[in-house]
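Asker: Sharing a structure with you now.
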Amino acid sequence: MPFRARFLALFLVSLALPAADMPYFSVLSEDAGAWPKILGSIGLQSQPAGLARIFVARTGASASVEWPSRIEHGAILILEGESSLADTFGFRRSNRDPVKVQSLTDVHRPNLPVIWEKGLELPLYDVPEVSQVFARERWTGAPLAAGFKRGAGAVLWVAVPPGERGHERFPYLLNALADLGLDPPFRSNRLWAFFDSAYRSRVDVEYFAARWHKAGIAALQVAAWHNFEPDAGRDEYLRKLIEACHRQGILVYAWFELPHVSEKFWADHPEWREKTAVQQDAQLDWRKLMNLSNRDCFRAVSAGARDLLGRFDWDGVNLAELYFESLEGTGNPSRFTPMNADVRAAFQRKSGFDPIEIFGARKDAASRTAFLDFRAELARNMQEEWIGEMEQVRRVKPHLDLVLTHVDDRFDTGMRDAIGADAARVLPLLDTRSFTFLIEDPATVWHLGPERYTAIAERYRALTPRPDKLAIDLNIVERYQDVYPTRQQTGTELFQLVHHAAASFPRVALYFENSLLPPDLQFLSSAAASVLRYERMGAKTVIDSVGGVGIPWKGGAKVDGQSWPAQDDDTLWLPAGPHAVEAAAAAAGPRLVSMTGELKAVRPAGPHGIEFTYQSVARAIAIVSRKVIHMQIDGEEQAIPAAEGNVLLLPRGQHVVTLTTD
């Protein structure tokens with residue numbers, strides 16, 4: 001008996017009813033192919049067939065009369081290519097001529113070009129009339145992925161294996177499974193996203209805040225340069241955005257892109273404009289760079305930043321890309337900065353020559369290296385100076401978190417000489433300053449696979465004893481490299497990137513929320529969860545996670561034997577580490593519905609109360625199911641710090657909060 005036939009026979013004999021609530025899959029073959037990469041990208045775990053709900057039967061799988069019943073009772077069966085098992089469900093090779101497949105369309109994003117790097121000649125297949133076709137060959141309409149529901153389960157068929165990496169042929173297989181009844185197995189609130197109002201100037205901020213919250217976004221980095229100078233219309237929009245985000249439990253950070261300040265600042269102060277090596281004003285792409293080495297310019301920008309931070313109810317500040325231009329380094333003088341008079345004079349006093357000469361008479365490597373070293377140190381000093389400025393603001397607003405976004409120069413070592421970014425010079429500041437070091441994924445490596453985040457994390461952990469202060473920024477944009485099957489990361493590829501990043505860093509930021517495609521929002525939160533163990537033990541389920549996790553849950557629950565009132569209508573929220581969960585009678589008291597900080601513990605405190613412990617580097621937002629009428633923090637009475645009594649703005653650090661509700 002062939003191996004696959006023996007495997008399926010043993011599986012069908014031993015299998016109990018599918019564990020419909022268990023996030024398990026099993027590939028019924030010696031060669032699992034890329035299916036573990038695909039299904040694992042949203043947290044599904046590979047387990048023996050007797051425990052799984054989702055099954056993958058690869059090309060050539062043998063038919064069995066047991067399968068229809070299994071599916072009726074909740075199994076989800078994925079069929080790959082041609083097999084007698086696929087034939088059983090109506091997915092059969094036709095007698096028509098084969099079709100050359102190079103690109104396809106998918107119902108989840110019909111207008112998105114999906115192009116295969118290597119075309120294939122494939123048989124034409126007939127699919128059952130009851131099935132929904134999810135993907136078709138672009139020109140002939142030949143079905144390439146289809147499926148249908150049956151009873152409590154479903155069948156999904158694909159015409160060809162999904163490829164070695166799991167995303168190079170069918171980006172939206174997981175979305176097809178969702179259409180057939182697969183729910184996200186986990187939920188995380190560890191995601192940040194960047195936001196630019198230039199792309200969202202007329203939107204309903206309440207709608208978008210709810211959408212971001214559902215996608216697992218816990219903090220929004222908002223482009224602050226649009227509000228650097230007061231403007232009634234723009235300021236009112238920003239206030240409404242911050243209020244809407246707070247109501248959804250989303251923190252809001254002021255995102256600065258210094259040395260870019262604002263359009264008006266650039267127009268009003270031509271005397272302070274940065275210069276390139278060809279002595280032109282440094283208007284590079286959308287950024288208009290100012291000379292922050294000039295003390296008058298620095299003081300004016302600092303005063304404006306303080307005013308901006310004082311006008312709005314920010315939760316934090318993000319100093320992003322605070323270095324120089326350009327990615328081509330000295331190879332492109334028309335984009336190379338800084339070459340303003342102040343920097344040139346400072347370098348000449350130190351080294352005895354004008355650095356602009358490295359683009360003329362002094363082309364030797366030693367002269368170029370001398371200025372590039374000076375420039376990297378200048379960038380580091382500039383970053384430290386601005387961190388100091390933000391610490392001064394913290395004296396007035398102690399709840400503010402601080403983030404320094406810094407392009408990776410460890411994985412792509414050319415970044416230091418290109419733009420002056422040198423992480424090794426900056427990371428020691430984590431020993432004495434309170435901020436998060438957000439590593440930006442450089443454009444030069446956007447085409448590489450998700451495993452790069454593990455390598456990036458290892459290189460940075462070697463530079464600092466504070467890995468808890470590291471985070472990673474993923475650029476979800478169209479890539480300039482030749483990439484397949486889509487120019488922008490979407491579907492399975494995006495979930496793989498987020499899942500690997502979340503396993504390597506405490507926080508994952510996405511640039512930017514406007515570039516996230518609608519099909520990606522459903523599984524984004526699940527991809528960001530990092531669950532090490534999910535195991536049923538009698539009436540209990542043991543879940544071990546990194547950074548905490550939400551699991552699908554209805555009704556009351558006990559965690560580690562204690563009543564656990566941290567849940568919304570669909571999700572039970574658990575702290576990091578291993579915990580045993582079991583069903584219990586629904587509690588009559590209030591619930592902790594949402595929490596941006598790291599939840600440590602929670603318990604009922606009488607019929608109308610709740611007590612919880614949390615830790616947060618930023619001000620934390622807690623949302624409670626009822627209006628709060630009384631609050632203590634660390635045993636001291638506190639005023640309710642919110643207009644709406646169920647949304648609480650809580651201090652940074654680690655605290656115990658005791659609430660009484662109506």
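Asker: Need the list of lysines near K264 for cross-linking: C-alpha distance under 21 angstrom, and skip anything on the same chain fewer than eight residues off.
Answerer: K275, K288
Asker: Moving on to the next point. So who's got an amide H within less than 5 Å of the one on V56, skipping anything under 5 residues away but keeping other chains? H placed 1.01 Å off N, in plane.
Answerer: Amide H to amide H, under 5 Å and 5 or more residues apart or across chains, V56 pairs with S26, V27, L28, I78.
Asker: Moving on. Given R₀ = 41 Å, what would the calculated FRET efficiency be for D231 paired with R487, taking r from the Cβ atoms and rounding to 0.05? Intermediate results must be reported in sequence, preceding the final value.
Answerer: Details: r = 35 Å, r/R0 = 0.86.
Efficiency computed from Cβ-Cβ geometry: 0.70.
Asker: Read through the labelled values (1) 47, 34, 20; (2) 42, 29, 24; (3) 94, 39, 21 and report the label of the one computed as semi-axes √(5λ) of the Cα gyration tensor in Å from the structure.
Answerer: (1)
Asker: A198 versus R239, label points 7 Å from Cα toward the beta carbon: distance in nm?
Answerer: With each label placed 7 Å out from Cα toward Cβ, I get 2.5 nm.
Asker: Which shape class, rounded, prolate or oblate, goes with the range 311-456 when its Cα gyration tensor gives a ≥ b ≥ c as root eigenvalues, a/c under 1.5 marks rounded, and past that a/b bigger than b/c marks prolate?
Answerer: Cα axes put the range 311-456 in the oblate bin.
Asker: Roughly how tilted is helix 232-247, in degrees to the nearest 10 and between 0 and 90, from the longest Cα axis of the chain?
Answerer: Compared with the principal axis, the helix lies near 40 degrees.
Asker: Longest exposed-loop-site-free stretch of the chain, with trypsin sites (Lys or Arg not before Pro), DSSP loop and at most 13 other Cβ within 10 Å? Present the calculation step by step, with values, prior to reporting the outcome.
Answerer: Numbers: sites that count: R96, R202, K363, R395, K554, K627.
Longest gap between qualifying sites, sites excluded: 203-362.
Asker: Which one of A583, L648, F612 has its Cα pushed farthest toward the positive end of the charge dipole of the range 531-661, where Lys and Arg give +1 and Asp and Glu give -1 at the Cβ?
Answerer: My answer, from the dipole projection, is A583.
Asker: Under the Karplus relation 6.51 cos²θ - 1.76 cosθ + 1.60, θ = phi - 60°, what is the ordered set of whole-Hz ³J(HN,Hα) values for the range 314-328, x standing for Gly and Pro?
Answerer: Each residue of the range 314-328 in turn: 6, 9, x, 10, 10, 8, 10, 6, 8, 8, 10, 10, 9, 4, 8 Hz.
Asker: Which whole-number percentage describes the relative contact order of the chain, with Cα contacts under 8 Å and a sequence gap of 6 or more?
Answerer: Relative CO of the chain lands at 11 percent.
Asker: Measure up K214/K600; K469/K540; K469/K627; K37/K469 against 25 Å on the Cα-Cα distance and list the ones that go over.
Answerer: Among K214/K600; K469/K540; K469/K627; K37/K469, the Cα-Cα distance tops 25 Å for K469/K540; K469/K627; K37/K469.
Bear in mind these aren't lab numbers, they're just calculated from the coordinates by the rules spelled out. Note that this is a predicted model, so its numbers are computed, not measured. No Cβ is skipped: glycine too gets one built from the backbone with ideal geometry, and neighbour counts run over all protein chains shown.
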